[in-house]
Every structure is written in structure tokens, then in C-alpha cells.
Amino acid sequence: MEAVWWRRPSTLPIVLLVMALVIIVAGGTIRINDAGESCPDWPQCFGTWGFDVSVDEQTAYWEANPDEIDSRGEDHRYTTFEIFTEWIHRALAAVIALPVLLNALLLRSKRAFYGQRAYNLSIFAGIMLIMQATAGAVTVFYDNADWSVALHLSMACVFSATFIFQHMEMRSKEGSLHPLFSLPKPFIEANKRRVNAMVGSVFTLLILGAWVSSTAGGQYNQGCSVGFPTGWPKCNGSVLPSFDGPGVLVQMIHRFGALVVGLVLVAGSARIRSEARTHDATPAFGRITDVTAGFWMLNVMIGGSYIIAAKMGDFPEWVSLLHLVVGVTGLLIASTALFSMYISGSNTADHSEEA
């Protein structure tokens with residue numbers, strides 16, 4: 001009899017996935033509170049290990065460390081809450097290190113049962129965590145430059161997706177009969193490139209979004225005006241606005257990128273449903289790609305509502321955070337389709353060798 005879900009070793013990567021998503025949300029909270037530089041040094045914060053740093057203590061720190069003064073200037077001071085958002089983000093990244101290590105040790109001890117790939121994924125997750133910490137230090141060093149923020153988020157997404165892949169691999173080895181683990185080989189061959197394109201396009205759009213949010217075109221919506229339809233779906237009252245204004249080019253690249261990704265997702269998902277009927281594959285696979293396309297449409301509406309509802313100096317920043325969460329969720333859902341193909345392909349090869 002199969003063990004209840006919370007006693008299975010395959011539950012651990014799901015726990016780690018939840019923790020990784022909490023860290024991503026914490027990172028998004030830092031951005032919407034404009035607190036990305038509230039701890040000017042790393043790994044400490046104003047030379048301490050705490051977050052309750054008074055205005056006078058901040059002044060004393062910057063007087064002693066003028067090179068650490070960030071882009072807001074020497075007269076800017078952070079609130080305790082702003083410092084706390086950065087501090088807790090770093091603390092959570094440190095806390096997850098122990099279960100990530102335990103995950104690798106568990107898979108090492110059970111490698112004979114779960115296989116080399118599951119163990120490799122646990123090691124890869126550990127490597128990604130170290131790289132994430134390094135990327136976090138880089139964002140502090142470069143005062144949250146747009147490219148460093150995009151790098152940090154991309155690594156966080158790969159880190160999170162690794163745990164989904166590991167969980168699915170482990171469930172397959174535990175004998176799960178889920179049809180996503182036994183896709184027909186002809187279906188995989190016909191759709192693997194299509195699914196790769198879908199996942200890659202969603203991932204690229206997410207990185208473009210991080211780029212937008214960390215530039216003048218996104219932080220205060222200096223690229224396109226606000227309101228409907230002048231600010232969205234148009235930009236400054238035009239479908240093809242002049243790129244002379246600050247941040248307009250960044251905004252428009254993101255918007256046109258979203259349009260292209262939508263075409264890839266909708267067309268790809270429709271084709272996959274057709275191929276599933278042809279090759280007698282589980283309709284669950286098509287539902288995954290349909291949900292991915294649905295999350296894309298939802299996020300387009302969320303992104304537009306942020307601009308429509310915004311008033312200069314009074315942006316609904318929680319909507320921006322929701323935009324990030326839905327985007328990351330859509331990527332992870334799409335990734336499950338790709339991972340099921342890899343696992344099904346391996347299972348088909350294993351069965352062929354046994355035969």
C-alpha cells in the first residue's frame with residue numbers, strides 16, 4: 001500500500017517549492033515598497049545582522065561608508081518596514097539552505113530507488129541556491145540595476161521549477177500511474193519543440209517584465225501615460241508611440257512581447273489538443289497548456305488594470321505584485337508539461353530495454 005502523501009519523500013521538493021515561492025513573493029514585496037537598496041551592504045544590513053536601524057544609525061553608517069550611498073542620495077533614509085522587507089528576504093534565503101541540503105542527502109541515500117536524475121536535480125537545486133545568493137549580492141552591489149534584477153528573478157524561477165521536476169521524477173519512481181508519466185512517444189516527438197517554445201516564451205516574457213519593473217519605464221510608469229485607453233492598451237494615446245520619452249521603448253518591448261507570447265501559447269495549445277487526440281495522449285496534457293494560456297490572458301488583464309487604475313503618485317502596487325505572482329505561476333505550470341515529456345520519454349526507453 002502506498003504511503004500517505006505527507007510521508008512520501010517526494011513531498012519534500014513540494015515543501016521546498018512553496019518556500020521558494022514565498023521568497024519570490026518577498027522579493028516582489030521589496031520592489032513594490034521601493035526598498036531594494038534598504039540594506040546597502042551584504043550579507044549584513046547597515047553593518048548589523050538586524051533590521052531595526054534608526055535614522056541616526058543610517059546616517060552614521062553612510063558617513064563611515066560613503067561608497068555605499070545608493071542612487072537615492074545621502075539624504076534618503078529608510079523606514080524600519082522597508083529595511084525589514086529586505087532583511088526577511090535574505091533571512092528566508094538562508095533558512096531554505098538547510099532543507100535544500102537535507103533534500104540532496106536524502107536523494108543520495110535513496111539514489112538506487114529514485115535514480116540518478118532525481119539526485120542530480122537535488123544537487124542542481126543546491127547549486128542554484130548558491131548562485132541565487134550570489135545574484136542577490138550582485139543586485140546590492142550594482143544598486144538594483146535592471147539586468148541584475150532580471151538575473152535574480154530568472155534564477156529564482158529556475159530554482160523553483162527544479163523542485164517540480166524532482167517531485168514528478170520521484171512520483172514516477174514511486175509507481176504513480178498518472179497519465180502524464182506515460183505519454184506516447186509519437187506525441188512527444190510531435191510536440192516537444194512546441195512545448196519548449198511555449199515554456200521559453202513565457203520565461204522570456206517574465207524576464208522582460210522584471211526589466212520593465214526595474215527601469216524608469218516600469219517603476220513609476222514614466223514610459224506610458226495612465227488611464228484607458230490612452231495609457232493601455234495604447235501608450236501615450238498611440239498604438240505605435242514615439243520612443244523619445246523615458247521608458248517608452250522598454251514598455252513597448254514588453255507589450256509586444258506579451259502579444260507574441262500569447263500567439264505562441266494559444267496556437268500551441270490548440271495544436272497540442274489536436275495532437276493528443278491523434279496520438280491517444282491524455283487530455284490532461286492539453287489542459288496544462290490551456291491553463292498556461294489562461295494565466296497569460298489573466299496577466300495581460302492584470303498588467304493593464306495596473307496602468308488603467310493608476311494615478312500619478314498613487315499606483316496600486318499590490319496589483320504589480322499580483323502581476324509577478326501570476327507570471328511566475330504560469331511559467332511553473334508550463335514547465336510541468338515539459339517535465340512530463342522528459343519523464344515519459346525516459347519511462348518509454350526503460351520499458352523498451354526491459355522488453
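The values are calculated or read from the model by the stated rules, or taken from the named source; none is laboratory data. Everything numeric here is computed off the predicted structure, so don't read it as measured data. Positions of Cβ are generated from backbone atoms using ideal geometry, with glycine treated the same way; all protein chains shown enter the neighbour counts.
On the stretch given as region 69-93, residues that are farther than 17 Å from ILE30 by Cα and surrounded by fewer than 16 Cβ atoms within 10 Å (Cβ to Cβ) total 3.
Take the conditions (1) outside any helix (DSSP H, G or I); (2) at pLDDT 95 or above; PHE295 misses just one of them, which is (1). Is it the case that LEU265 is in a helix (DSSP H, G or I), crowded, with 20+ Cβ neighbours inside 10 Å and modelled with pLDDT of 95 or more? Answer is yes for this residue. Counting only residues that are touching a residue at least 24 places away in the same chain (Cβ under 8 Å), surrounded by fewer than 13 Cβ atoms within 10 Å (Cβ to Cβ) and among the small types (Gly, Ala, Ser), region 1-60 holds 1 of them. Please determine whether any residue of region 47-64 is on the phi > 0 side of the Ramachandran plot and modelled with pLDDT of 90 or more. Yes, some residue in region 47-64 is on the phi > 0 side of the Ramachandran plot and modelled with pLDDT of 90 or more.
Looking only at residues in region 134-147 that are in contact with a helix residue (DSSP H, G or I) (Cβ under 7 Å, 6 or more places away or on another chain) and in contact (Cβ under 8 Å) with a residue 60 or more places away in the chain, the one that is surrounded by the fewest Cβ atoms within 10 Å (Cβ to Cβ) is ASP146.
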